[in-house]
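*Asks:* Can you read through this structure? Questions will come right after.
The values are calculated or read from the model by the stated rules, or taken from the named source; none is laboratory data. These numbers were taken from a predicted model, which means no experiment stands behind them. FYI the Cβ positions are ideal-geometry reconstructions off the backbone, even for glycines, and counts take in every protein chain you see.
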Amino acid sequence: MTETQAVSPTSSGSPRWLSGLVLGLAGLLYAYAIWNAIAHLVSMAQSGLTGIGWVTLVFGVVFPAIVFVFAYAIGRRRGAGELALVLLAGLGIVAVFWLSLIGYSILNMSDLVTVAP
């Protein structure tokens, strides 16, 4: 095989615009998760947070972005369908984490919120 016949390792078989569309739609869903986490952080911060409360809830804001970057790193050289599946799996992980965070913040509100005298 000559150099002109070599296949590039980055070709995914699907159009680039389709992968961009999948990435954009998934990005909107991840941004919605971040927006919800910020809203929850602001609502909890109004009553005062302890140090562990700030760390927990700020990590809840950052976690969807971390998962999005990690899912993109895994699926960037794959086709649009495989990229969509990887991003959807990451969104499932974010949803499970979000429900755990909500449950933790409801059940342990006395640990997260400072009590005013």
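*Asks:* Name the residues in the stretch 65-79 that are part of a helix (DSSP H, G or I) and over 23 Å from residue 39 (Cα atoms), would you? Break it down stepwise before answering.
*Replies:* So the first thing to find is which residues in the stretch 65-79 are part of a helix (DSSP H, G or I), and the list is 65-75.
The answer is 70, 71, 72, 73, 74, 75.
*Asks:* How many of the residues in the stretch 80-111 are modelled with pLDDT under 90, crowded, with 17+ Cβ neighbours inside 10 Å and either out of contact with any Ser or Thr (no Cβ under 6 Å at 6 or more places or on another chain) or not in a helix (DSSP H, G or I) (or both)?
*Replies:* 1
*Asks:* How about the stretch 30-46: which of its residues are more than 13 Å from residue 98 (Cβ to Cβ) and touching a helix residue (DSSP H, G or I) at 6+ places or on another chain (Cβ under 9 Å)? Outline the logic, then answer.
*Replies:* Here is the first cut: in the stretch 30-46, the residues more than 13 Å from residue 98 (Cβ to Cβ) are 31, 42-46.
Matches in the stretch 30-46: 31, 44, 45.
*Asks:* Restricting to the stretch 57-71, count the residues that are within 17 Å of residue 20 (Cα to Cα) and surrounded by fewer than 17 Cβ atoms within 10 Å (Cβ to Cβ).
*Replies:* Kept after step one, since they are within 17 Å of residue 20 (Cα to Cα), are these residues of the stretch 57-71: 68-71.
Now drop any that are not surrounded by fewer than 17 Cβ atoms within 10 Å (Cβ to Cβ), which leaves 69-70.
Here the count works out to 2.
*Asks:* Which of the residues belonging to the stretch 28-56 are at pLDDT 90 or above and surrounded by 15 or more Cβ atoms within 10 Å (Cβ to Cβ)?
*Replies:* Passing the criteria: 29, 30, 33, 34, 36, 37, 40, 41.
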